[in-house]
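Below is one structure, written out as structure tokens; the observations come after it.
The values are calculated or read from the model by the stated rules, or taken from the named source; none is laboratory data. Just so you know, these numbers come straight off a predicted model, no measurement behind them. Here the Cβ positions follow ideal geometry from the backbone for every residue, glycine too, while neighbour counts run over all protein chains shown. The area values use the complete protein model at the heavy-atom level, side chains included, leaving out ligands, DNA and RNA. Shrake-Rupley method; radii C 1.70, N 1.55, O 1.52, S 1.80 Å.
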Amino acid sequence: GGELKKIHCEEWDCDIYYRTTYPLKDEAKIMQLTTEGKAVEALVESIVTKARDKDGKRMFMDADKVKLMNEADPNVVIRVASAINNAKLTESQESIAKE
């Protein structure tokens, strides 16, 4: 669910679309990595799982995880993952602000 929101990533020269909500199974894997102290892996997992193209299809496959972990600019990974993962937060903060 939910509509697709987008973030433009200049470094990767693309628009990355994401939803504000994801199935629990997707979130669970990310949370598990976080609790295991694998913060970087959790960020990469969230990008691979959640990043979509404009048609809502996955931009990255599981095989891309290694590339993202080893070759991508960590700052970009962190920025993209933060945007995707905080989508819910900003949305709920906005709705609170309106009341």
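A cut-off under 14 angstrom between Cβ atoms defines the neighbours of residue 16, and their net charge, with Lys, Arg +1 and Asp, Glu -1, is +2. Its Cα gyration tensor gives region 7-62 an equivalent ellipsoid, and the semi-axes of that ellipsoid, as √(5λ) in whole Å with the largest first, are 21, 14, 8. Counted residue by residue at 0.36 nm each, then reduced by the alpha carbon distance between them, the extension gain from residue 65 to residue 5 reaches 19.4 nm.
Just to confirm, what accessible area per residue do you get for region 1-82 at 1.4 Å probe, in whole Å²? If you can, show how the numbers build up before the last one.
Numbers: 5010 Å² over 82 residues.
Result: 61 Å² per residue.
Modelled spin labels at residue 35 and residue 13, positioned 7 Å past Cα toward Cβ, are 4.2 nm from each other.
For residue 54, the aspartates and glutamates whose Cα comes closer than 12 Å to its Cα, not counting residues fewer than 8 places off in the same chain, are 3, 15.
Rounded to the nearest Hz, the phi-derived 3J(HN,Hα) couplings of region 38-47 under the Karplus curve 6.51 cos²θ - 1.76 cosθ + 1.60 (θ = phi - 60°) are 9, 4, 5, 4, 4, 4, 5, 4, 5, 5, where x marks glycine and proline.
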